[in-house]
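Below is one structure, written out as structure tokens; comments come after it.
The values are calculated or read from the model by the stated rules, or taken from the named source; none is laboratory data. The structure displayed is predicted, hence computed values, not measured ones. Note that we place each Cβ from the backbone using ideal geometry, even for glycine, and neighbour counts take in every protein chain shown.
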Amino acid sequence: MTSSRQPDILISEVGPRDGLQSVKATMATADKCRWIDALVAAGLREIEVASFVPAHLLPQMADAADVVRHALQHRGVTVMALVPNLRGAQAALRAGAQKLTMPVSASAAHSLANVRKTPDAMVEEVRAVLRLRDDIAPGVRVEAGVSTAFGCTLQGHVPEDDVVRLAVQLAEAGADEVGLSDTTGMGNPAQTRRLFSRLFSSIGARTGAAHLHNTRGLGLANALAAYEAGVRTFDSSLGGLGGCPYAPGASGNVVTEDLVFMFEAMGLSTGVDLNRLMAARAPLQAGLPGEPLYGMTPEAGLPKGWRVGAAP
């Protein structure tokens with residue numbers, strides 16, 4: 001850990017879900033568990049470990065319940081799962097997931113391709129999941145992520161008013177957090193700062209995570225813009241693994257190692273040990289041999305005299 005105080009930034013590692021469901025190979029359950037163990041050892045406090053979807057659609061996630069149960073053995077870590085609908089939420093809650101995240105696309109074209117529902121229908125699905133949560137697991141938080149908030153490879157331009165309107169609907173439905181996702185890697189820093197500023201103005205403390213992709217090399221720049229707008233939770237993936245199987249050409253989550261380095265170099269604590277974080281690439285590579293991993297920080301190494309938690 002980089003500091004004994006409460007970290008300034010929450011890094012939400014999404015590699016075991018977003019990363020693994022976007023590659024062709026299927027990582028063995030034992031390898032997934034070893035990778036998650038290494039991520040916990042690095043100090044990550046929130047990990048999206050699985051997606052509860054039909055196995056015939058995403059065989060990479062067929063062991064979701066087993067992976068959740070393994071991750072629950074760790075204390076001090078929020079075990080999160082993605083659920084696209086009520087059925088997925090039922091399975092995730094049965095497995096013991098401590099936080100649910102639901103993708104709700106601002107692009108109608110992407111929503112139909114991804115979950116086969118319109119955005120309005122997905123708002124109602126979120127309401128149904130929240131009712132289920134209230135009935136059987138009131139301590140579980142539910143996050144709604146507004147997908148394609150910065151543009152869509154299927155639809156093209158996504159009006160910002162549509163994004164904010166959808167976020168307000170989700171907050172009014174009762175979602176604990178509403179974040180914005182640059183699912184297709186089309187966002188830029190000015191747009192990111194503007195959209196998150198509008199989100200804070202519209203839904204206040206319910207504003208959730210920035211889920212950014214590095215498809216066009218702007219991932220870290222967009223993360224900094226989101227931070228300047230007030231965001232303090234950031235999704236990222238070890239080695240930049242991941243993308244979106246239903247958004248053609250959308251590749252490359254923000255690299256966790258680079259994101260942590262940026263914030264720590266700025267003097268902002270993340271609670272993550274960079275050396276242990278980079279060591280967590282080994283079980284990932286062992287479980288997915290031949291899969292390319294990215295990241296400038298692992299390639300260059302830490303600067304001479306590096307001291308965490310303090311800007312140079």
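Scanning the range 254-310 for residues that are among the acidic types (Asp, Glu), surrounded by fewer than 21 Cβ atoms within 10 Å (Cβ to Cβ) and either more than 24 Å from GLN6 (Cβ to Cβ) or in contact with a Pro (Cβ under 7 Å, 6 or more places away or on another chain) (or both) yields a count of 2. Scanning the range 152-172 for residues that are over 16 Å from SER111 (Cβ atoms) and in contact with a helix residue (DSSP H, G or I) (Cβ under 7 Å, 6 or more places away or on another chain) returns GLU160, VAL164, VAL168, ALA171.
To keep it simple, each residue is scored yes or no on (1) surrounded by fewer than 16 Cβ atoms within 10 Å (Cβ to Cβ); (2) of a type outside the set (D, E, K, R); (3) over 22 Å from VAL146 (Cα atoms).
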| position | (1), (2), (3) |
| --- | --- |
| SER22 | no, yes, no |
| MET27 | no, yes, yes |
| ALA41 | yes, yes, yes |
| ILE47 | no, yes, no |
| LEU58 | no, yes, no |
| ALA71 | no, yes, yes |
| ALA81 | no, yes, no |
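Can you tell me which residues in the range 259-287 are of a type outside the set (Val, Ile, Thr) and part of a loop (DSSP other than H, G, I, E, B)? Within the range 259-287, MET266, GLY267, LEU268, SER269, GLY271, ASP273, ALA280 meet the criteria. Restricting GLU291, GLU264, GLU228 to residues that are at pLDDT below 95 and among the acidic types (Asp, Glu) narrows the list to GLU291. Helices (runs of 4 or more DSSP H) fully within the range 1-120 that include at least 3 residues being within 20 Å of LEU170 (Cα to Cα) and at pLDDT 95 or above: 86-95. Scanning the range 210-235 for residues that are closer than 15 Å to ARG198 by Cα and assigned to a helix (DSSP H, G or I) returns ALA225, ALA226, TYR227, GLU228, ALA229.
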